[in-house]
Amino acid sequence: MTPGRGWRWLWTDRRAGLWLTATALASWLPLLGMPSRRWLDFDAFYIAGTLAFSPRVVDLGPALEYQLSHGLPLTPFLYPPALALVYVPFTWLPFDLAAALHVLLQGAALIGAAILGARVYGIPRRWAVLGALAWGPAAAGVVSGQNSAVLLLMVVAAASGLERSRWLLAGLAIGGAAYRPHLGLPIGALAAWRRAWRPLAVAVGVVALQYVLGVVATGGAWDWPARWLASVGAETAEDFGSVGWQALSLPGLLGRLSIGGSTPEALIGPACWATRPAPRSSC
């Protein structure tokens, strides 16, 4: 190492590109095994699409029954029911084809977030895209059938809108991110701190629209938030009861202090649970 120059002189563009490329390949390599793993978390969204337009979409039991009877991973759908409408078109396709299409679209959302983020943070586009593809958590979210890449795109779009005073873009992005309320709320708080009232007004309108779409998704259940929160509470208590010690957060601490919880057996009934992985038709 040349004296006085430190380690940074080793980090040339070529070496950085090779390193990020190798990291990206390693991050996306698990995609090859996803068909044999039944695409992991995607089945929750696929089943939500099949249960759309019915109050059952906000209950844990029906989804678990479907997953057990079809040999799919036990992954609950804990999103507001409006999101189920987005996945209705996926149910028109065979499961594996729908899952592959979902991975493709989520990958496109990740790249879109990188391109938009490059403008926000003044990063060369090629480095932003390559860095996003090499970011292990982002790749894992796409590969495992989650929709976190879309949320990332909304977060970056909100940041771009707030930075450039594009209040409509910021408001739509903040309101759209509310499909995961615990993650969308901090963005709204940031807008309030910046006194960006017009984007917040748009965001409130988008959230109200999501409520109405939730009524449609639940077949006219205007009280769907109460049933949805009950399902979220039951699953959260069970999840924290089993893996809460891994959560480095205030919710993790609160989960560790909570008492009780529900299990898949309690949610769908001991008779059905006892028959897994091939439940009787009566279940």
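Pairs are defined by a Cβ separation below 8 Å, a sequence spacing of at least 6 or placement on different chains, a first member in region 110-128 that is assigned by TED's automatic domain parsing to the domain that holds residue 170 and farther than 16 Å from residue 24 by Cα, and a second member that is outside any helix (DSSP H, G or I) and β-branched (Val, Ile, Thr); the pairs so defined are 117/123. Does region 155-179 hold any residues that are within 26 Å of residue 87 (Cβ to Cβ) and modelled with pLDDT under 90, and which are they? Within region 155-179, none qualify.
So which of 128, 84, 139 is more than 30 Å from residue 164 (Cα to Cα) and part of a helix (DSSP H, G or I)? Before the answer, list the steps.
Values: 128 fails: more than 30 Å from residue 164 (Cα to Cα); 139 fails: more than 30 Å from residue 164 (Cα to Cα).
When all the criteria are applied, what remains is 84.
Residue check: residue 55 meets all listed conditions (1) within 14 Å of residue 214 (Cβ to Cβ); (2) under 18 Å from the mean Cα position of the chain (by Cα) but one, namely (2).
Could you say which residue among 50, 75, 2 is modelled with pLDDT of 90 or more and in contact with a helix residue (DSSP H, G or I) (Cβ under 7 Å, 6 or more places away or on another chain)? So that I can check it myself, show each step before the final result.
Values: 75 fails: modelled with pLDDT of 90 or more; 2 fails: modelled with pLDDT of 90 or more.
Matching residue, one of 50, 75, 2: 50.
Among the residues examined, residue 101 qualifies as closer than 22 Å to residue 79 by Cα and free of Cβ contacts under 8 Å to residues at least 40 places away in the same chain.
The values are calculated or read from the model by the stated rules, or taken from the named source; none is laboratory data. Computed from a predicted structure; not experimentally measured. So basically every Cβ, Gly included, is an ideal-geometry build from the backbone, and we count neighbours across all protein chains shown.
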